[in-house]
Amino acid sequence: MKLGTIDKRLLTILLVVFVQMLGASLIFPVLPLYAQRQFNMSAEMITLLTSAFFAAQFLSGPFVGRLSDNYGRIPVLIVSQIGTVISFVLLALAPSLGWLFFARILDGITGGNIIVAQAYITDITPREKRTESLGYIFAAFGLGFIFGPALGGFLAAVYGPTVPFLVAAVAAAAVVLLTWYALDETLSAEERRSARARRTGSLTFGSLLGGAPWALSLMLILLIAFLGQFALGLLQATFALFGEAVLFQGESQKVTDVGIGLLLSVVGVSQLFTQTYLLRRLARRFDEGQLVVLGSLLRTIGMTIYALVTTPWLGAFGSLFFAVGFGIASPPLQSMSTALVSDQDRGGVLGMFQSSVNLSTIISTAIAGVFFARGPTVPYWIGAATSLVAVMAMIGLMRWMPTQPVRASEA
C-alpha cells in the first residue's frame with residue numbers, strides 16, 4: 001500500500017495511536033525501577049502493579065468495545081484518553097504505594113484507546129485489506145516504541161524519575177486534542193441506534209456458549225491469543241528488573257535506565273520494519289493461519305535468546321526476534337476474529353479479543369514476580385514454552401476450520 005493511496009482517516013488514527021504509544025512507552029522502562037527505588041517494592045509487588053492495569057482493562061474491555069458500537073468511536077476514544085492523562089499525572093505525584101495502584105487501575109478502566117482505534121480502522125477498511133491495515137496499528141506501536149522507552153530512560157536518568165510521567169501526560173493530552181479536531185465519526189446515527197437496539201443479541205463471552213456456528217472457532221482464536229500473549233506479559237512485567245539484574249549488572253543507575261530504554265527501542269524498530277515492509281510481503285504468500293504460526297515460532301526464539309544471554313548486545317537479538325514475531329502473528333489473528341462475526345459486532349469481538357489478551361497478561365504479570373524471584377531467566381524459559389504451545393494450537397485450528405485457507409492479503 002503506497003502512502004498516497006492510504007485513507008486520510010487511517011493516517012490520522014495511526015497518528016493518534018503513535019502519540020498515545022509514545023506517551024505510554026515513556027513510562028515502560030521507568031515504572032518498575034521507580035517503584036523499586038522510591039517505594040521499596042519487591043519484584044512480586046512490582047509485577048502485581050502491572051497486573052492491576054490489565055485486570056482493570058480486562059473487565060472494562062468488552063464494555064468499551066460495545067459502547068463504541070452504541071454511541072460512536074470518537075466519544076469513547078476521547079473519554080478513555082482523558083483517563084490516561086489523569087493516571088500519568090497521579091503516577092508522578094503519588095505519595096504512597098496505594099496511589100500507584102489507583103493510577104494504574106484508573107488507566108486500565110478507561111484504557112479502551114487501542115480497542116476503539118482498531119474498531120475505527122475496521123470501519124473504514126474493506127475486508128480484503130483489513131489484516132494489512134490492522135498491521136499499521138502495530139507499525140504505529142513500533143514507531144512510538146522506538147522513541148518512547150529511550151526518551152523515558154534518558155529523562156529519568158537526567159531529570160529524575162517523575163519527569164517521564166509528566167511528559168507522558170502531555171503526550172496523552174495532545175492525543176485528546178488531535179482526536180477531537182482531526183477525526184470524524186465512522187458510525188452513523190442509524191448504525192448506533194441499531195447497535196443499541198440489539199441489546200439482547202450483543203456479543204459477549206456468554207454468547208460463545210450459545211452454539212453459534214462461529215463460536216468454537218472464535219474460542220480457539222481467543223485461546224491462541226491468550227497463549228501468545230502470555231510471553232509478552234512475562235516480558236512486560238520483568239524486563240526492567242531483568243535488565244538491572246542481568247544485562248546491566250554492576251552498572252550505574254543512569255547507565256541502566258538509558259540502556260534498558262535503548263533495548264526496548266530495538267523492539268520499536270523491529271515492529272516498524274515488520275509492519276511497514278515485512279508483513280505486507282508475507283501476507284501475499286501465506287494465509288493468516290500460517291502467519292500466526294511463523295510469528296509464534298519467532299517469539300519462541302526471542303524468549304529463548306533472552307533466557308540464554310547475559311550481555312545487552314546479545315539481548316538486542318532477543319528483542320529483534322520477539323518483536324518481529326509479535327508483529328507477524330497479531331494482525332492476522334485479530335483479522336481472523338473479526339471475519340467470524342457480522343460487521344455490527346466488530347467492536348464487540350475486538351473488545352473480546354483484547355480482553356482475552358488482557359486476561360493472559362493479568363495472569364502472566366501477576367505470577368512473573370514469583371518466577372523472577374526464583375531466577376531472573378525463569379520467566380523467559382516459561383514464555384518460550386507458552387509461545388511454542390501457541391504454535392501447536394494454531395496448527396490444530398487450521399486443521400479444524402472447515403474453510404479453505406487463503407492468503408492473508410486476500411482474506
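Within the group Ser87, Ser80, which residue is within 25 Å of Gln271 (Cα to Cα), of a type outside the set (Phe, Trp, Tyr) and free of Cβ contacts under 8 Å to residues at least 60 places away in the same chain? I'd like the intermediate steps shown before the answer.
Details: Ser87 fails: within 25 Å of Gln271 (Cα to Cα).
Of Ser87, Ser80, the one residue that is within 25 Å of Gln271 (Cα to Cα), of a type outside the set (Phe, Trp, Tyr) and free of Cβ contacts under 8 Å to residues at least 60 places away in the same chain is Ser80.
From the list Leu279, Leu308, exactly one residue is touching a Gly at 6+ places or on another chain (Cβ under 6 Å) and aliphatic (A, V, I, L, M). Which is it? Break it down into steps so the answer makes sense when it comes.
Details: Leu308 fails: touching a Gly at 6+ places or on another chain (Cβ under 6 Å).
Going through Leu279, Leu308 in turn, just one is touching a Gly at 6+ places or on another chain (Cβ under 6 Å) and aliphatic (A, V, I, L, M): Leu279.
Return the only residue of Thr310, Thr256 being open to solvent by 50 Å² or more (accessible area, probe 1.4 Å) and of a type in the set (S, T, N, Q). Step through it out loud before you land on a result.
Numbers: Thr256 fails: open to solvent by 50 Å² or more (accessible area, probe 1.4 Å).
Result of the check over Thr310, Thr256: Thr310.
Taking the conditions exactly as written (surrounded by 19 or more Cβ atoms within 10 Å (Cβ to Cβ), among the aromatic types (Phe, Trp, Tyr) and out of contact with any Pro (no Cβ under 8 Å at 6 or more places or on another chain)), does Phe326 satisfy them or not? Working first, answer last.
Values: surrounded by 19 or more Cβ atoms within 10 Å (Cβ to Cβ): yes; among the aromatic types (Phe, Trp, Tyr): yes; out of contact with any Pro (no Cβ under 8 Å at 6 or more places or on another chain): yes.
For Phe326, the condition - surrounded by 19 or more Cβ atoms within 10 Å (Cβ to Cβ), among the aromatic types (Phe, Trp, Tyr) and out of contact with any Pro (no Cβ under 8 Å at 6 or more places or on another chain) - is met.
Applying the selection to the stretch 74-98, what residues are in contact with a Leu (Cβ under 6 Å, 6 or more places away or on another chain) and more than 26 Å from Leu15 (Cβ to Cβ)?
Hit for the stretch 74-98 is Ala94, nothing else.
The values are calculated or read from the model by the stated rules, or taken from the named source; none is laboratory data. All values derive from a computational prediction rather than experimental measurement. All Cβ positions, even for glycine, are placed from backbone atoms using ideal geometry, and neighbour counts span all protein chains on display. Ligands, DNA and RNA are excluded from the accessible area calculation, which covers all protein heavy atoms including side chains. Shrake-Rupley method; radii C 1.70, N 1.55, O 1.52, S 1.80 Å.
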